[in-house]
Amino acid sequence: MMILYISVWIIGTVYFGYEFWALSHQPGRSILMLLQHSGILPKAFVVSTVPGRSLSLWLGWVGLGLMIIMNLYSMRKKFAFMRPLGSLRAWLDFHIFCGLLGPTLILYHCNFKVRGVVAISFWSMVVSFSSGIIGRYFYVQLLTRKSDLENLCERISQRIDASFKKRNLVIPPEEKAQYMGRAMQMAGVPADMEDYNLIVVFFSAIIGDIRLAFNEVPVGPTWPKKLSIVLQVYAETKRKQVFIEPFQQMMGYWHAFHFPFAIFMYVAAVIHVASSLLLGV
């Protein structure tokens, strides 16, 4: 679902980027202008990039609406009656999508002129949604309990043994342990956690994900090739198990950082909207 959300955000960003370029340089190529000339858009709708005109106001309201709707994720976490309404992970993806598209529309709303109270709200939004992407990564690492991760690792190990047995392969335990260790090393699992701090844990996990995304996990010369994927899943699961306590700590620090910027964002947004409506600017 996250891939779909990101695709929608990219398409929306590119489209409005094109519209603002066309309206600023070649209005005849604007799709909105064409819709207005064909009668689909009313003449009263002012198609202009100037802040305060119809297009700008609609972008601002929709952007603000998305920033408000994204709080449904927090409500889904806290209120029991909302638990049947989809998984927490799906709500988090929707939360991040709103946090991406909302600030993007608001950036177009102010025609890239970020200053005054708008600047406080906008940069708070930027910090908030940027840290939100990192927060999602932390959340994914903590989706499964440590005991369940341990059981999953054991089942994967048994699956590897069953694959050997099915093909009448006799693989020494030392060889199996060697290739499982290589897979764990690729995933960023350290041989010793004593010297690891939170920063090293975070970057080890990120670099491990990059390695696994662009490289195939090696298997023994007589091993079935499909066990490469099995070893990758094992390594990722083992890393989550080993890193679960550090990621829990990082999640706590992240929340303490993320929350104040969200508050600044909404307070500044309320001041901006109120002053615009009251003073007509």
For this session: Express the relative contact order of segment 146-248 as a whole percentage, based on alpha carbon pairs under 8 Å and six or more residues apart in sequence.
Result: 42 percent
Exercise. Along the positive direction of the dipole of segment 146-248 (beta-carbon charges: Lys, Arg +1; Asp, Glu -1; about the Cα centre), which of TRP223, ASN168, GLN178 reaches farthest?
Worked result: ASN168
Problem set entry | Residue-wise HN-Hα coupling along segment 148-161, computed from phi with Karplus coefficients 6.51, -1.76, 1.60 (Hz; x: Gly, Pro) | 5, 5, 4, 5, 5, 4, 5, 5, 5, 4, 5, 5, 4, 4
Seminar exercise, completed: Between the alpha carbon centres of segment 112-158 and segment 205-223 the gap in Å comes to 24 Å
Seminar exercise, completed: Contact order relative to length for the chain, counting C-alpha pairs under 8 Å separated by 6 or more residues, stands in percent at 20 percent
For this session: Could you sort 265-272, 12-19, 65-72 so that the peptide with the highest average Cβ count within 10 Å comes first and the rest follow in order?
Result: 265-272, 65-72, 12-19
Problem set entry | Within segment 205-281, trypsin sites (Lys or Arg not before Pro) in DSSP loop having at most 12 other beta-carbon neighbours inside 10 Å | LYS225, LYS226
Exercise. Looking at [x] 1.14; [y] 1.81; [z] 1.34, which value of Cα Rg over 2.2 N^0.38 Å comes from a calculation on the structure shown?
Worked result: [z]
Problem set entry | Angle in degrees between helix 2-25 and the longest Cα principal axis of the chain, rounded to the nearest 10 | 30 degrees
Seminar exercise, completed: XL table LYS146/LYS176; LYS77/LYS238; LYS78/LYS226; Cα-Cα > 30 Å flagged, in table order, is LYS78/LYS226
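Coordinate-derived values only; no laboratory data. The model shown is predicted, which means the values in this text are computed figures rather than measured ones. Quick reminder, even Gly has a Cβ in these numbers, built from the backbone with ideal geometry, and neighbours come from all protein chains shown.
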